[in-house]
Amino acid sequence: MMNSEEFYSTRDLNVYNTPLEVGLRVLTILNELKHEAIDINRLIIYDYFVLHGNDFDVRIESLHPPTPHRSGEIIIKRKVIQDGINLMYSRELLDTRYTEEGIYYKANELTPAFLNYFDSLYYTEISKNTKLVIRKFNSYSDGDLDSYVNDRLTKWGSEFTKESLIRGWSSE
């Protein structure tokens, strides 16, 4: 008789914020851009807004919870997004373009074919939010997008800090 524990792997089975999950979101963003190339900085910001849509439009339900200090994701996600890009590039699911201005990424002919295999509710919501993010921010210059983010960075997630200060003060 087999022990039920024999069916479990000892590997780390975390899928959230792994290169695979982030790489799939990157592909979704690039696919929506219809072969327009963007750099990693814009990918990081778009990825943040895909997950936290409520931070730029109160009518959008965020896909991930509004955790305290969530804006820090914009700062710390560079490595995992680069790892996700590298994973998708290694599978020939996106193209890389090297220019004097930097490295740019874009969808290729395999990108939409690959993404057509996904049909979960979560993926549908990612796709919907991606369209909204690109509609809102794609006309922004890099400088305008950076200014937009920098002007609001301290607000995203700080509502919890303010709430805890008020609760702490009022409970005395």
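The values are calculated or read from the model by the stated rules, or taken from the named source; none is laboratory data. Not measured: the values here are computed from a predicted model. Using ideal geometry, Cβ is built from the backbone for each residue, glycine included, and neighbour counts are taken over all protein chains shown. Surface areas here come from the heavy atoms of the whole protein model, side chains and all, with no ligands, DNA or RNA. Shrake-Rupley method; radii C 1.70, N 1.55, O 1.52, S 1.80 Å.
Some points to look at:
- So Leu20, is it of a type outside the set (Ser, Thr, Tyr), assigned to a helix (DSSP H, G or I) and touching a Phe, Trp or Tyr at 6+ places or on another chain (Cβ under 9 Å): no
- Any pair with Cβ under 9 angstrom, 6 or more apart, that starts in segment 84-110 at a residue that is under 14 Å from Leu33 (Cα atoms) and among the polar types (S, T, N, Q) and ends at one that is open to solvent by 50 Å² or more (accessible area, probe 1.4 Å) and not in a strand (DSSP E or B): Asn108/His35; Asn108/Glu92
Every residue, every condition in (1) open to solvent by less than 50 Å² (accessible area, probe 1.4 Å); (2) at pLDDT 95 or above; (3) assigned to a strand (DSSP E or B), yes or no:
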site: Thr96; (1), (2), (3): yes, yes, yes
site: Ser127; (1), (2), (3): yes, yes, no
site: Phe160; (1), (2), (3): no, no, no
site: Leu165; (1), (2), (3): no, no, no
site: Gly168; (1), (2), (3): yes, no, no
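- Annotation note: Cβ proximity below 7 Å between a residue of segment 42-53 that is farther than 15 Å from Ser127 by Cα and in contact (Cβ under 8 Å) with a residue 40 or more places away in the chain and a residue that is in a helix (DSSP H, G or I) and open to solvent by less than 10 Å² (accessible area, probe 1.4 Å) (sequence gap 6+ or interchain) occurs for Arg42/Leu145; Ile45/Leu145; Ile45/Val149.
- Taken over segment 78-94, the residue count meeting the criterion of being under 24 Å from Leu51 (Cα atoms), open to solvent by 20 Å² or more (accessible area, probe 1.4 Å) and not hydroxyl-bearing (Ser, Thr, Tyr) is 7.
- Residues in segment 23-59 that are at pLDDT below 95, open to solvent by 20 Å² or more (accessible area, probe 1.4 Å) and in a loop (DSSP other than H, G, I, E, B): Lys34, His35, Phe56, Asp57, Val58, Arg59.
- Filter result for Tyr117 (among the aromatic types (Phe, Trp, Tyr), crowded, with 17+ Cβ neighbours inside 10 Å, modelled with pLDDT of 95 or more and under 24 Å from Gly23 (Cβ atoms)): no
- For segment 99-106, the count of residues that are at pLDDT 95 or above, open to solvent by 30 Å² or more (accessible area, probe 1.4 Å) and aliphatic (A, V, I, L, M) is nonzero.
- Leu110 being touching an Asp or Glu at 6+ places or on another chain (Cβ under 9 Å) and modelled with pLDDT of 95 or more: yes
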